[in-house]
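The values are calculated or read from the model by the stated rules, or taken from the named source; none is laboratory data. These figures come from a predicted structure and were not determined experimentally. Don't worry about glycine lacking a Cβ; one is built from the backbone with ideal geometry, like all the others, and counts go over all protein chains shown. Protein only, heavy atoms only, side chains kept; ligands, DNA and RNA dropped before computing areas. Shrake-Rupley method; radii C 1.70, N 1.55, O 1.52, S 1.80 Å.
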Amino acid sequence: MQNPVALIVDDERDIRDLLSTALSRMGLDVVSAESIQQAKLLLGENRFDICLTDMRLPDGNGLELVSFLNEGFSNLPVAVLTAYGSAENAVAALKAG
(Lines give C-alpha, C1' and ligand atoms only; values in the text may rest on other atoms or scores of the structure.)
Protein backbone atom coordinates (compact mmCIF):
# COMPACT_ATOMS: atom_id res chain seq x y z
CA MET A 1 0.00 0.00 0.00
CA GLN A 2 1.26 3.44 -0.93
CA ASN A 3 1.96 6.05 1.74
CA PRO A 4 -0.31 9.11 1.87
CA VAL A 5 1.19 12.03 -0.05
CA ALA A 6 1.26 15.60 1.27
CA LEU A 7 1.73 18.77 -0.78
CA ILE A 8 3.52 21.54 1.09
CA VAL A 9 3.30 25.03 -0.41
CA ASP A 10 5.60 27.58 1.21
CA ASP A 11 8.13 30.02 -0.19
CA GLU A 12 10.52 29.53 2.74
CA ARG A 13 12.79 26.55 2.23
CA ASP A 14 13.37 26.08 5.98
CA ILE A 15 9.63 25.75 6.60
CA ARG A 16 9.22 23.31 3.71
CA ASP A 17 12.11 21.23 5.07
CA LEU A 18 10.76 21.29 8.63
CA LEU A 19 7.25 20.25 7.56
CA SER A 20 8.67 17.63 5.22
CA THR A 21 10.73 16.08 8.00
CA ALA A 22 7.81 16.05 10.43
CA LEU A 23 5.37 14.55 7.92
CA SER A 24 7.91 12.00 6.69
CA ARG A 25 8.37 10.79 10.27
CA MET A 26 4.60 10.30 10.38
CA GLY A 27 4.77 8.04 7.33
CA LEU A 28 3.72 10.49 4.63
CA ASP A 29 5.50 11.06 1.35
CA VAL A 30 6.02 14.77 0.70
CA VAL A 31 6.15 16.94 -2.41
CA SER A 32 6.77 20.65 -2.03
CA ALA A 33 6.18 23.81 -4.01
CA GLU A 34 7.32 27.36 -3.41
CA SER A 35 4.50 29.15 -5.24
CA ILE A 36 0.84 28.84 -6.18
CA GLN A 37 1.78 28.32 -9.82
CA GLN A 38 4.15 25.49 -9.00
CA ALA A 39 1.53 23.93 -6.72
CA LYS A 40 -1.07 24.03 -9.50
CA LEU A 41 1.34 22.27 -11.85
CA LEU A 42 2.02 19.57 -9.27
CA LEU A 43 -1.69 19.15 -8.61
CA GLY A 44 -2.22 18.49 -12.30
CA GLU A 45 0.43 15.77 -12.35
CA ASN A 46 0.03 14.04 -8.98
CA ARG A 47 -2.49 12.77 -6.47
CA PHE A 48 -2.30 14.23 -2.97
CA ASP A 49 -3.98 13.27 0.28
CA ILE A 50 -3.46 16.58 2.09
CA CYS A 51 -2.18 20.08 1.33
CA LEU A 52 -0.48 22.47 3.72
CA THR A 53 -0.10 25.99 2.38
CA ASP A 54 1.35 29.22 3.66
CA MET A 55 -0.86 32.31 3.61
CA ARG A 56 1.75 34.60 2.04
CA LEU A 57 3.26 33.34 -1.18
CA PRO A 58 5.30 35.18 -3.82
CA ASP A 59 2.61 34.92 -6.50
CA GLY A 60 -0.50 35.40 -4.37
CA ASN A 61 -2.39 34.56 -1.26
CA GLY A 62 -2.77 31.06 0.14
CA LEU A 63 -6.53 31.59 0.13
CA GLU A 64 -6.36 31.74 -3.67
CA LEU A 65 -4.95 28.23 -3.59
CA VAL A 66 -7.67 27.13 -1.17
CA SER A 67 -10.33 28.43 -3.58
CA PHE A 68 -8.63 26.67 -6.49
CA LEU A 69 -8.56 23.42 -4.52
CA ASN A 70 -12.19 23.84 -3.55
CA GLU A 71 -13.18 24.09 -7.21
CA GLY A 72 -11.21 21.18 -8.66
CA PHE A 73 -10.02 19.12 -5.70
CA SER A 74 -12.88 19.43 -3.22
CA ASN A 75 -12.03 16.17 -1.43
CA LEU A 76 -8.46 17.28 -0.66
CA PRO A 77 -8.06 18.41 2.95
CA VAL A 78 -6.12 21.67 3.19
CA ALA A 79 -4.62 23.60 6.09
CA VAL A 80 -3.47 27.21 5.87
CA LEU A 81 -0.40 28.08 7.92
CA THR A 82 0.80 31.58 8.67
CA ALA A 83 2.96 33.56 11.01
CA TYR A 84 0.70 36.56 10.35
CA GLY A 85 -2.59 35.19 11.62
CA SER A 86 -5.67 37.23 12.34
CA ALA A 87 -9.33 36.56 12.99
CA GLU A 88 -10.10 38.05 9.56
CA ASN A 89 -7.75 35.62 7.83
CA ALA A 90 -9.19 32.68 9.77
CA VAL A 91 -12.72 33.60 8.74
CA ALA A 92 -11.62 34.13 5.12
CA ALA A 93 -9.93 30.71 5.10
CA LEU A 94 -13.07 29.04 6.43
CA LYS A 95 -15.22 30.80 3.84
CA ALA A 96 -12.82 29.75 1.07
CA GLY A 97 -13.29 26.15 2.07
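Observations, loosely collected:
- A cut-off under 15 angstrom between Cβ atoms defines the neighbours of ASN3, and their net charge, with Lys, Arg +1 and Asp, Glu -1, is 0.
- ARG16, ARG47, ranked by accessible area, largest first (probe 1.4 Å): ARG47, ARG16
- ARG25-THR82 pseudo-label distance in nm [points 7 Å out on the Cα-to-Cβ vector]: 2.8
- Here the relative contact order of the range 1-88, from alpha carbon pairs under 8 Å that lie six or more residues apart, stands at 30 percent.
- Where only C-alpha atoms are counted, convex hull volume of the range 1-84 per residue in Å³: 84
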